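**Student:** Submitted below is the structure of interest, expressed as structure tokens.
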Amino acid sequence: MLGGRRFSPAASLALAAPFLLLLLVVFILPLATLLHESLFVPSPGLGNYAHALEEPVYLRVMLRTLRIAFLVTLLALVLAWPLAWVMSRSRGLGLALLGAAVLLPLWTSVLVRTYAWMVLLQRNGVINQMLARLGLIEQPVRLLYTEGAVVLAMAHVLLPFMVLPLYSALKGIPEDYPRAAQMLGASPWATFREVVWPLCLPGVTSGCLMVFLLALGFFVTPALIGGPQQMMIATLVSQQVRELLDWPFAGALVGILLAFVLALVLLFRRAVRLDRFVGQA
Amino acid sequence: MRKLDADRNAGSISIEGLTRRFGAVHAVDGVSLDIRAGEFLALLGPSGSGKTTILMSIAGFEYPDEGRILLGGEDITWLPPNRRNLGMVFQRYTLFPHMSVLENIAFPLKMRGLGRAEREERARAALRTVRLDQLGERRPAQLSGGQQQRVAIARAIVYRPRVLLMDEPLSALDKNLREEMQIEIKHLQREIGITVVFVTHDQTEALTMADRVAVLDHGRLQQLGAPRELYEAPQTEFVAGFIGETNFWSGSAAAAAAPGEAVGVRLEGSGVMPALAVSRVAAGDRVRLALRPERLRILPGAAEGVPALVTEAIYAGNATTLMLEAAGGQVLRLRIPAGAGLPEAVAGEAVTLGWQAADARAFGVAP
Ligand SMILES: Nc1ncnc2c1ncn2[C@@H]1O[C@H](COP(=O)(O)OP(=O)(O)O)[C@@H](O)[C@H]1O
Ligand SMILES: [Mg+2]
């Protein structure tokens, strides 16, 4: 702390006040209004919620959202783990380059990265052209507006949120543990399964939860890369608000998503540790 | 008969011409070393002398640039660590924090495909040999540093490897515990007849524990010998200086001498004194004389020797250490053990020093 003292409660509050005020005005107040409407318009009760949960169209969107978020998390984990492992065992220039490769996308707009995927995946995009030139396909194949494309692009966009907590957890595993395991007769695979994996589990939980929660509410990427067949809940909310002007029903959808997210966070509250994101495993 | 011979040699290690470079640094530089089965060998040297690199090459985590390593006559230079069947105890971070003490000890047995019941039984037996029977259910973090290293040893011997490698396993412990563990490890080694290669930078530890000590400096093997040999007959100036306390005094050979022969040495600022040539010297060659403080004597009355002035006398109960200044400004330490009835001296006194030729080792100095 400045001056070496802990802050008094009043000082802490004063320092945090600008942020808390902003949070109140642009997040909590609108959200509360929306939820209030979902419960009282057109008539008081859970009618909007029942509508969302009973109508098969909406239920399908919610289940699809869960499935896509789950697949995105899985893919991100599989892609991020080896990268985080290499980073945790690198030093100097190598680590700086890898770190930049992970963080740079985080500093560019999600929109830009999503458009990049569109350029790659569209009918006469880079991938189709390459496949055609290699003689593997006659006609361009449909890549864009598929669930696979949505999962792939979202996993890519959310990758840093998986890499960082994994890196932090793996960095905390001293080299001597895997070495000891090998001396004791463990093959590389057994060393991973019995020692490295259990020791990095807190980072895995942290990263998976973060990516899953972000994926649940993701808007830009699924809206642009997926078609109507891949609609996720955020797109549905936006549609209700902008096209149908049905604020109370959108509020109910948001309420359901919020309840789900809160339940998950409570369930895994021990794993949601901010320090994992700033490198103090 | 052949089978028996093979068994007897199974724990022997031959290091042949081992060289490992990191960029321009020769971490290990042409080291050859034969370690006998059942022997306790210490690798001793200052920090950065290549001890860990040698041990890691035996373990299989470093691959040499040159040379090979044989275990029981079999070339293991390129074998991965998990297939070498060696035991190893690291400096720290040895026990897996997510397993109980017993699970840790049973781990190598699990890796070897043993059944649960047998694993548990053998792990408990190993825990008994390090006298921690009661602590099997604990987590490593709930043990003291000394207990953790005992468990690490139990884990490293439970699958009965022929060789146990240890890299400064006691350096994180405090002094009393360290000495206790030194004796305990030594007893255990005798009891189970395992070959131990023990890395340390602590000469007392090496001398008290090892059957033989390999002294390293800058990646080179300086001398390999029993503790007494190293102390009494160091072969290089480095070993003389590194092991025990030594006074060095420069001079020149008064005559030619072969290794092991007596030679007179003309000391800087003093007369000619008797010494033992360690290497071949010609008359007039520059030499460095190594003298142990406890082998220096104060000579009575008018005897012939080196005149010196006592600048300080430090009493320490079991011995008195004199700080001396001889002619020419040479500073010397002399130790007089208590109770042996040897003549003592006080600060400011002028004395005459002498020594036996065999106690003054003369090392040739490269011109
Ligand atoms: N992985 C490495 N990369 C670069 N230099 C190393 C590496 N390992 C050891 N060295 C260097 O090799 C020399 C010997 O190191 P080491 O075997 O650890 O010595 P010791 O264990 O005797 O302290 C040192 O100069 C050290 O800096
Ligand atoms: Mg070392």
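The values are calculated or read from the model by the stated rules, or taken from the named source; none is laboratory data. Nothing here was measured: the structure is a model prediction, and the numbers come from that model. Because the Cβ atoms are built from the backbone with ideal geometry, glycine has one as well, and the counts that use them run over all protein chains shown. The accessibility values were calculated without ligands, DNA or RNA, using every heavy atom of the protein model including side chains. Shrake-Rupley method; radii C 1.70, N 1.55, O 1.52, S 1.80 Å.
**Student:** Can you pull out the residues in the stretch B:166-187 that are open to solvent by less than 10 Å² (accessible area, probe 1.4 Å) and over 24 Å from B:GLU229 (Cα atoms)?
**Tutor:** B:PRO169, B:LEU170, B:MET181 - these are the residues of the stretch B:166-187 that are open to solvent by less than 10 Å² (accessible area, probe 1.4 Å) and over 24 Å from B:GLU229 (Cα atoms).
**Student:** Let me ask something else. For the stretch B:40-61, check the following and say yes or no: at least one residue is assigned by TED's automatic domain parsing to the domain that holds B:LEU135 and over 24 Å from the mean Cα position of the chain (by Cα).
**Tutor:** Checked the stretch B:40-61: no residue is assigned by TED's automatic domain parsing to the domain that holds B:LEU135 and over 24 Å from the mean Cα position of the chain (by Cα).
**Student:** Further question: Quick check on the stretch B:320-336. Is at least one of its residues under 17 Å from B:ASN247 (Cα atoms) and among the hydroxyl-bearing types (Ser, Thr, Tyr)? Don't jump to the end; show me each part of the working.
**Tutor:** Within the stretch B:320-336, the subset under 17 Å from B:ASN247 (Cα atoms) is B:320-336.
Subsequent filtering for residues that are among the hydroxyl-bearing types (Ser, Thr, Tyr) retains B:320-321.
Checked the stretch B:320-336: at least one residue is under 17 Å from B:ASN247 (Cα atoms) and among the hydroxyl-bearing types (Ser, Thr, Tyr).
Per-residue answers, yes or no, for (1) within 14 Å of chain B (Cβ to nearest Cβ); (2) modelled with pLDDT under 95:
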{"position": "A:ILE137", "(1), (2)": "no, yes"}
{"position": "A:LEU143", "(1), (2)": "no, yes"}
{"position": "A:LEU170", "(1), (2)": "no, no"}
{"position": "A:PRO188", "(1), (2)": "yes, no"}
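**Student:** Output the number of the condition that B:ALA172 fails; it satisfies all remaining conditions of (1) within 14 Å of chain A (Cβ to nearest Cβ); (2) away from ligand 1 (no atom under 16 Å from the Cβ); (3) of a type in the set (A, V, I, L, M).
**Tutor:** Only one criterion is unmet by B:ALA172, namely (2).
**Student:** Can we say B:GLY225 is within 16 Å of ligand 2 (Cβ to nearest atom), of a type outside the set (Val, Ile, Thr) and at pLDDT 95 or above?
**Tutor:** no
**Student:** Quick check on my filter: what residues within the stretch B:202-238 are within 12 Å of ligand 1 (Cβ to nearest atom) and either basic (Lys, Arg) or within 14 Å of chain A (Cβ to nearest Cβ) (or both)?
**Tutor:** Scanning the stretch B:202-238 gives a single hit, B:ARG220.
**Student:** If a residue counts only when it is touching a helix residue (DSSP H, G or I) at 6+ places or on another chain (Cβ under 9 Å), which helices (runs of 4 or more DSSP H) contained entirely in the stretch A:1-90 have at least 3 such residues? Before the answer, list the steps.
**Tutor:** On the way: elements: A:9-23, A:29-40, A:47-54, A:56-88.
Hits in the stretch A:1-90: A:29-40, A:47-54, A:56-88.
**Student:** Give the stretch B:107-122 a look and list any residue that's facing chain A (nearest Cβ under 10 Å) and either surrounded by fewer than 23 Cβ atoms within 10 Å (Cβ to Cβ) or among the small types (Gly, Ala, Ser) (or both), or say none.
**Tutor:** The answer is B:LYS110, B:MET111, B:ARG112, B:GLY113.
**Student:** What strands (runs of 3 or more DSSP E), lying completely within the stretch B:280-367, carry at least 2 residues that are free of Cβ contacts under 8 Å to residues at least 12 places away in the same chain?
**Tutor:** Values: elements: B:286-291, B:297-299, B:306-315, B:319-326, B:331-337, B:350-354, B:360-364.
Qualifying strands (runs of 3 or more DSSP E): B:306-315.
**Student:** Evaluate the stretch B:188-201: report whether one residue or more is open to solvent by 40 Å² or more (accessible area, probe 1.4 Å), within 15 Å of ligand 1 (Cβ to nearest atom) and either part of a strand (DSSP E or B) or not basic (Lys, Arg) (or both). I'd like the intermediate steps shown before the answer.
**Tutor:** Of the stretch B:188-201, the ones open to solvent by 40 Å² or more (accessible area, probe 1.4 Å) are B:190-193, B:201.
Then keep just the ones that are within 15 Å of ligand 1 (Cβ to nearest atom); that gives B:201.
In the following step, the residues that additionally are either part of a strand (DSSP E or B) or not basic (Lys, Arg) (or both) were identified as B:201.
Yes: one or more hits.
**Student:** Now a separate question. Please go through the stretch A:113-131 and pick out each residue that is open to solvent by 50 Å² or more (accessible area, probe 1.4 Å) and of a type in the set (S, T, N, Q).
**Tutor:** A:GLN122, A:ASN124, A:GLN129
**Student:** Restricting attention to the stretch B:96-105, which residues are more than 7 Å from chain A (Cβ to nearest Cβ) and open to solvent by less than 10 Å² (accessible area, probe 1.4 Å)?
**Tutor:** Across the stretch B:96-105, the qualifying residues are B:VAL101, B:ASN104, B:ILE105.
**Student:** Another question, if that's okay. Within the stretch B:235-270, work out how many residues are in a loop (DSSP other than H, G, I, E, B) and in contact with a helix residue (DSSP H, G or I) (Cβ under 6 Å, 6 or more places away or on another chain).
**Tutor:** From the stretch B:235-270, those in a loop (DSSP other than H, G, I, E, B) are B:235-236, B:243-246, B:254-256, B:258-261, B:268-270; that's our starting set.
With the extra rule that they be in contact with a helix residue (DSSP H, G or I) (Cβ under 6 Å, 6 or more places away or on another chain), the set shrinks to B:243-246, B:268-270.
Number of matching residues: 7.
**Student:** Starting from residues that are within 16 Å of ligand 2 (Cβ to nearest atom) and in a strand (DSSP E or B), keep the ones in the stretch B:164-174 and report whichever is nearest to A:GLN182 (Cα to Cα). Break it down into steps so the answer makes sense when it comes.
**Tutor:** From the stretch B:164-174, those within 16 Å of ligand 2 (Cβ to nearest atom) are B:165-172; that's our starting set.
This time we only want the ones that are in a strand (DSSP E or B), so: B:165-167.
Working: B:LEU165: 14, B:MET166: 15, B:ASP167: 16 Å.
So, considering only residues that are within 16 Å of ligand 2 (Cβ to nearest atom) and in a strand (DSSP E or B), the one nearest to A:GLN182 (Cα to Cα) is B:LEU165.
**Student:** Still on this structure: Conditions: (1) away from chain A (no Cβ under 13 Å); (2) closer than 27 Å to A:PRO178 by Cα; (3) touching a strand residue (DSSP E or B) at 6+ places or on another chain (Cβ under 8 Å). B:THR52 meets all but one. Number of the miss?
**Tutor:** (1)
**Student:** Regarding B:GLY23, is this residue within 8 Å of ligand 1 (Cβ to nearest atom) and within 14 Å of another protein chain (Cβ to nearest Cβ)? Give the derivation first.
**Tutor:** Values: within 8 Å of ligand 1 (Cβ to nearest atom): yes; within 14 Å of another protein chain (Cβ to nearest Cβ): yes.
Yes, satisfied.
**Student:** What about B:GLY244, is it surrounded by fewer than 20 Cβ atoms within 10 Å (Cβ to Cβ) and at pLDDT below 95?
**Tutor:** On the way: surrounded by fewer than 20 Cβ atoms within 10 Å (Cβ to Cβ): yes; at pLDDT below 95: yes.
Here the answer is yes, as B:GLY244 does meet what is asked.
**Student:** Please give the helices (runs of 4 or more DSSP H) falling wholly within the stretch A:132-240 in which 3 or more residues are in contact (Cβ under 8 Å) with a residue 12 or more places away in the chain, among the aliphatic types (A, V, I, L, M) and open to solvent by 10 Å² or more (accessible area, probe 1.4 Å). I'd like the intermediate steps shown before the answer.
**Tutor:** Details: elements: A:147-171, A:176-183, A:188-191, A:197-216, A:220-225.
In the stretch A:132-240, A:147-171, A:197-216, A:220-225 are the helices (runs of 4 or more DSSP H) which contain 3 or more residues that are in contact (Cβ under 8 Å) with a residue 12 or more places away in the chain, among the aliphatic types (A, V, I, L, M) and open to solvent by 10 Å² or more (accessible area, probe 1.4 Å).
**Student:** Being more than 14 Å from chain A (Cβ to nearest Cβ), under 31 Å from the mean Cα position of the chain (by Cα) and surrounded by 20 or more Cβ atoms within 10 Å (Cβ to Cβ) narrows it down to one of B:VAL151, B:VAL163, B:VAL130, so name that one. Let's see the steps before the verdict.
**Tutor:** Working: B:VAL151 fails: more than 14 Å from chain A (Cβ to nearest Cβ); B:VAL163 fails: more than 14 Å from chain A (Cβ to nearest Cβ).
B:VAL130 is the lone residue from the list that is more than 14 Å from chain A (Cβ to nearest Cβ), under 31 Å from the mean Cα position of the chain (by Cα) and surrounded by 20 or more Cβ atoms within 10 Å (Cβ to Cβ).
**Student:** Within the stretch B:39-67, which residues are near ligand 1 (Cβ under 7 Å from one of its atoms) and of a type in the set (D, E, K, R)?
**Tutor:** Correct list: B:LYS51 only.
**Student:** Mind listing just one residue for me: the one in the stretch B:73-92 that is within 16 Å of ligand 1 (Cβ to nearest atom) and open to solvent by 60 Å² or more (accessible area, probe 1.4 Å) and, of those, modelled with the lowest pLDDT?
**Tutor:** Ranking the qualifying residues of the stretch B:73-92, first place goes to B:ARG92.
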